[in-house]
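Shown next, in structure tokens, is the structure this report addresses.
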Amino acid sequence: MSFSSLFVRQRKRFSSTVRNQLSSDCGVHTSDVDESSAVEEAHAERVNGLLGIVSPDTSDNIKKEFTVNSSSHSEIQDVKRELIWLSLPALAGQAIDPMAQLMETAFIGRLGAMELASAGVSMSIFNIISKLFNVPLLGVATSFVAEDISNSASRVSTVEEGQQGSANGKPFDGVDKRQQLSSVSTALLLAIGIGIFEALALWLGSGLFLNLMSVSSASPMRAPAQRFLSLRALGAPAVVVSLALQGVFRGFKDTKTPVLCLGKCLGFSLISLVGIGNLSAAFLLPILIYYFRLGVTGAAISTVVSQYIVTFLMIWYLSQRAILLPPSLEALQFGGYVKSDIQTLLRYALKQMDGNRIISGFLVGRTMASLLTMTLGTSMAARQGPLAMAAHQICLQVWLAVSLLTDALAASCQALVASSISKRDYKAAREITHFVLKTGLVAGFSLAVVLGLSFTSLSTFFTKDREVLGILRTGVLFVSASQPLTALAFIYDGLHYGVSDFPYAACSMMLVGAISSAFLLYAPSVFGLPGVWTGLALFMGLRAMAGYIR
């Protein structure tokens with residue numbers, strides 16, 4: 001099924017009244033007289049056209065059609081331009097966290113292969129626990145806030161013109177900057193609750209999680225890994241709330257604020273690009289790791305501090321645009337969020353699917369399938385020993401940092417597609433889809449070439465260990481060649497969320513994850529670490545294929 005058919009299906013979901021009005025206005029009848037008249041008029045126009053004769057009515061119709069087509073083409077170009085301008089700040093926003101992790105990996109890597117390997121295992125555990133609900137929360141918050149804003153704009157007709165287009169860091173003209181949106185309050189309260197739960201799970205269960213990752217109490221990686229994981233658990237609430245805030249800003253079609261607001265008060269372009277939080281991490285990392293000789297413990301502390309700085313600044317900026325507290329408990333949309341993340345699907349999606357009920361837990365199952373596959377890869381790498389695990393951590397962080405840059409296109413595309421569908425502008429939605437797929441493919445191949453040429457020299461930035469560097473040389477193909485597939489996989493994910501195609505996104509991810517996990521369980525025992533990387537590349541390739549088939 002193509003995305004075009006999904007747009008058509010979305011069209012059918014909105015209102016039968018609209019369809020009846022369209023049929024009536026278009027003059028669709030079954031009368032033989034009307035049909036005969038239409039045929040005769042069409043034949044006459046064709047004959048006149050061949051003779052070079054244009055009737056006044058036909059001339060007027062041609063002018064009207066040309067005007068409509070020109071207007072439509074202009075609107076499509078505006079949408080593409082908006083997509084690009086949304087993606088540029090989103091590109092910087094998506095790069096902030098991966099670049100911070102790369103920086104952290106580089107500092108820890110210079111301590112030694114053992115420290116890097118233990119931190120890598122802990123990061124993998126933190127990711128699978130902290131992102132269990134985070135990824136669905138991000139996508140759901142984006143769609144809910146975008147829908148809430150669209151519905152609010154349609155109700156306030158006197159300022160309708162002031163609410164068109166993208167905010168992108170600027171308040172709408174003629175509209176109160178502080179809007180009362182229940183979707184915003186719900187997302188924040190839900191994120192705080194989930195964050196506290198995740199922190200307790202990571203703190204109390206650190207030993208159990210390490211055992212599951214094949215890091216036993218006898219392993220030299222155990223002690224530093226457990227300290228690192230326990231400290232990183234303190235930052236879980238900040239991570240969840242920060243991700244929910246990103247979803248809220250995406251719903252506002254504002255991808256610039258999460259990047260620029262962090263350094264706005266100081267006015268320096270460098271701070272605006274990388275953010276105060278990550279500058280604080282860059283400042284604290286060398287001091288705590290080398291000056292105070294805290295090692296991986298210092299790295300964990302600096303990361304947690306920077307996460308809370310980022311979160312509090314984003315909350316402050318959002319409070320300038322929206323009222324954070326709900327008017328009443330009844331106004332909260334916990335039912336919609338819970339149905340999306342745990343029980344069924346979005347209440348929004350169920351409402352538009354002709355009453356068909358879906359098996360519970362689709363979105364959580366989708367996220368779990370992705371995280372479990374990635375975590376299984378890390379676990380299999382840890383079984384190869386500290387040196388192999390250190391090399392895997394470097395390859396993985398470079399791969400994720402570069403590939404997540406293409407997620408900026410998916411994030412902007414998701415908001416624009418959801419907004420276009422809510423306005424019943426299906427032509428614009430299709431144009432956005434085709435444009436972003438082409439752009440993503442070009443970006444993927446470009447990244448593959450750049451990484452293929454520079455990865456060997458780039459590796460020395462993360463470690464000086466010759467044995468680790470030797471293993472890293474075998475990972476060049478994995479990091480570079482998988483970029484086009486990874487780019488398409490992320491973009492298809494954004495499109496699925498944008499058109500509320502949650503069932504297929506969830507089912508395909510679970511199937512792809514099962515196939516890739518089966519490969520990962522077998523291949524490393526035969527091929528070693530290259531078997532792990534081949535399995536992860538297979539995972540991204542199957543995701544891209546599933547999106548293409550749809």
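The values are calculated or read from the model by the stated rules, or taken from the named source; none is laboratory data. The structure presented is a predicted model; accordingly, all values stated were derived computationally and were not measured. Glycine also receives a Cβ, built like all others from the backbone with ideal geometry; neighbour counts cover every protein chain displayed.
Looking only at residues that are at pLDDT 50 or above and not in a helix (DSSP H, G or I) in the range 230-270, which one is surrounded by the most Cβ atoms within 10 Å (Cβ to Cβ)?
Here is the first cut: in the range 230-270, the ones at pLDDT 50 or above are 230-260.
Checking the rest, the ones that are also not in a helix (DSSP H, G or I) come to 252-256.
Values: Phe252: 25, Lys253: 21, Asp254: 23, Thr255: 29, Lys256: 21.
The extreme case among them is Thr255.
Name the residue that is modelled with the highest pLDDT, counting only residues in the range 375-415 that are closer than 10 Å to Gly494 by Cβ and among the aliphatic types (A, V, I, L, M). I'd like the intermediate steps shown before the answer.
Taking the range 375-415 and keeping what is closer than 10 Å to Gly494 by Cβ, we get 406-415.
Subset that is among the aliphatic types (A, V, I, L, M): 408-411, 415.
Details: Ala408: 76, Leu409: 78, Ala410: 81, Ala411: 77, Ala415: 76.
Per the criteria, the residue is Ala410.
Suppose we filter Leu137, Leu190, Leu111, Leu116 for residues that are more than 23 Å from the chain's Cα centre (by Cα), surrounded by 17 or more Cβ atoms within 10 Å (Cβ to Cβ) and either at pLDDT below 85 or assigned to a loop (DSSP other than H, G, I, E, B) (or both); which single one remains?
On the way: Leu137 fails: more than 23 Å from the chain's Cα centre (by Cα); Leu190 fails: more than 23 Å from the chain's Cα centre (by Cα); Leu116 fails: either at pLDDT below 85 or assigned to a loop (DSSP other than H, G, I, E, B) (or both).
Testing whether each residue is more than 23 Å from the chain's Cα centre (by Cα), surrounded by 17 or more Cβ atoms within 10 Å (Cβ to Cβ) and either at pLDDT below 85 or assigned to a loop (DSSP other than H, G, I, E, B) (or both) leaves just Leu111.
Of everything in the range 420-432, what is part of a helix (DSSP H, G or I) and surrounded by fewer than 24 Cβ atoms within 10 Å (Cβ to Cβ)? Give them in sequence order.
Just the residues of the range 420-432 that are part of a helix (DSSP H, G or I), to begin with: 420-422, 426-432.
Once the filter is applied, which keeps residues that are part of a helix (DSSP H, G or I) and surrounded by fewer than 24 Cβ atoms within 10 Å (Cβ to Cβ), the range 420-432 yields Ser420, Ser422, Tyr426, Lys427, Ala428, Arg430, Glu431.
Would you point out the residue of the range 271-300, among those that are not aliphatic (A, V, I, L, M) and not in a helix (DSSP H, G or I), that is modelled with the lowest pLDDT? First the steps, then the outcome.
Within the range 271-300, the subset not aliphatic (A, V, I, L, M) is 272, 275, 277-278, 280, 283, 286, 290-293, 295, 297-298.
Going one step further and asking which of them are not in a helix (DSSP H, G or I), we end up with 275, 292-293, 295.
Values: Gly275: 59, Phe292: 92, Arg293: 90, Gly295: 89.
Filtering first and then ranking leaves Gly275.
Name the pairs: first residue in the range 230-243 and over 13 Å from Ile129 (Cα atoms), second residue hydroxyl-bearing (Ser, Thr, Tyr) and surrounded by fewer than 24 Cβ atoms within 10 Å (Cβ to Cβ), Cβ to Cβ under 8 Å, at least 6 apart or on different chains?
Leu231/Thr297; Ala238/Tyr308; Ala238/Thr311; Val241/Thr311; Ser242/Thr311
Is at least one residue of the range 315-329 of a type in the set (A, V, I, L, M) and either under 24 Å from Leu229 (Cβ atoms) or at pLDDT below 70 (or both)? Explain how you work it out, then say what you get.
Just the residues of the range 315-329 that are of a type in the set (A, V, I, L, M), to begin with: 315, 318, 322-325, 329.
Then keep just the ones that are either under 24 Å from Leu229 (Cβ atoms) or at pLDDT below 70 (or both); that gives 329.
For the range 315-329, residues of a type in the set (A, V, I, L, M) and either under 24 Å from Leu229 (Cβ atoms) or at pLDDT below 70 (or both): present.
So, in the range 214-229, exactly how many residues are of a type outside the set (A, V, I, L, M, F, W, C) and either surrounded by 22 or more Cβ atoms within 10 Å (Cβ to Cβ) or out of contact with any Leu (no Cβ under 9 Å at 6 or more places or on another chain) (or both)? Give the steps one after another, and end with the answer.
So the first thing to find is which residues in the range 214-229 are of a type outside the set (A, V, I, L, M, F, W, C), and the list is 214, 216-217, 219-220, 222, 224, 226-227.
This time we only want the ones that are either surrounded by 22 or more Cβ atoms within 10 Å (Cβ to Cβ) or out of contact with any Leu (no Cβ under 9 Å at 6 or more places or on another chain) (or both), so: 214, 220, 224, 227.
So the count comes out to 4.
Among the candidates Thr486, Thr456, single out the residue that is polar (S, T, N, Q) and farther than 30 Å from Ala428 by Cα.
Working: Thr486 fails: farther than 30 Å from Ala428 by Cα.
Just one listed residue meets the conditions, Thr456.
Which of the numbered conditions does Arg473 fail, given that it passes all the others? Conditions: (1) touching a residue at least 60 places away in the same chain (Cβ under 8 Å); (2) surrounded by fewer than 20 Cβ atoms within 10 Å (Cβ to Cβ).
Exception for Arg473: condition (1).
Only one of (1) surrounded by fewer than 17 Cβ atoms within 10 Å (Cβ to Cβ); (2) in a helix (DSSP H, G or I) is not met by Val532, so which one is it?
(1)
Whether any residue in the range 360-370 is within 24 Å of Leu245 (Cβ to Cβ), basic (Lys, Arg) and part of a helix (DSSP H, G or I) is what I want to check.
Yes, because at least one residue in the range 360-370 is within 24 Å of Leu245 (Cβ to Cβ), basic (Lys, Arg) and part of a helix (DSSP H, G or I).
Report yes if Val449 is in a helix (DSSP H, G or I), farther than 30 Å from Gly120 by Cα and at pLDDT 90 or above, otherwise no.
Working: in a helix (DSSP H, G or I): yes; farther than 30 Å from Gly120 by Cα: no; at pLDDT 90 or above: yes.
Considered against the rule, which asks whether it is in a helix (DSSP H, G or I), farther than 30 Å from Gly120 by Cα and at pLDDT 90 or above, Val449 comes out as no.
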